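The values are calculated or read from the model by the stated rules, or taken from the named source; none is laboratory data. Since this is a predicted model, take the numbers as computed values, not measurements. Cβ atoms come from the backbone with ideal geometry, glycine included; neighbour counts cover every protein chain shown.
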Amino acid sequence: MSEYRTTIEWTGTATPAEFLKGRYSREHRWAFDGGLVVEASSSPQVVRAPWSNPANVDPEEAFVASLSSCHMLTFLYLAAKAGFVITTYRDEAVGVMTKTPAGVEWVSRVTLAPHITWADQPPTADELARLHHEAHAGCFIANSVKTEVIVASAASAASAASAASAG
């Protein structure tokens, strides 16, 4: 069993009356076990400025990044294991927040759109689809959520085709 720890810290500066009216900063810090500290805030789409800070990472962005990062790390491992060499991997992932029939907001879908550059011969479209399918199935984060995760394999296939024609 593995454990992963973070410390989330918020310090309020609002008066009690401001706090009760929702007029307090949502800025806070995420501290990770390796020493990295990330400035965080609520999403400005959820809580408008000045009560949020759009320059900081918000939980929804971090959720999308976590799914994307996990997929990428699993994909890199599987590609190497299959004999494919990757020189760059860039994913412009997008999360969509919607409401359930009961009116509860949630991140219902995350679309991963990896663009991959291959050092040598890229995989075929079928091999690429298999690698993405296996990466999704092996991603710890994807296995931990109910959000639909879509891999836009057309973007990856196009990258593979571009790399093949450029090489």
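Values for this structure:
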{"read-out": "Cross-chain or 6+ apart pairs with Cβ under 7 Å, the range 61-82 first and not assigned by TED's automatic domain parsing to the domain that holds residue 95, then surrounded by fewer than 21 Cβ atoms within 10 Å (Cβ to Cβ) and modelled with pLDDT under 95", "value": "none"}
{"read-out": "Verdict on residue 93 being of a type in the set (A, V, I, L, M, F, W, C) and out of contact with any strand residue (DSSP E or B) (no Cβ under 8 Å at 6 or more places or on another chain)", "value": "no"}
{"read-out": "The range 10-53: number of residues that are outside any loop (DSSP other than H, G, I, E, B) and surrounded by 11 or more Cβ atoms within 10 Å (Cβ to Cβ)", "value": "11"}
{"read-out": "Qualifying residue in the range 78-87 (condition: over 30 Å from residue 126 (Cβ atoms) and part of a loop (DSSP other than H, G, I, E, B))", "value": "no"}
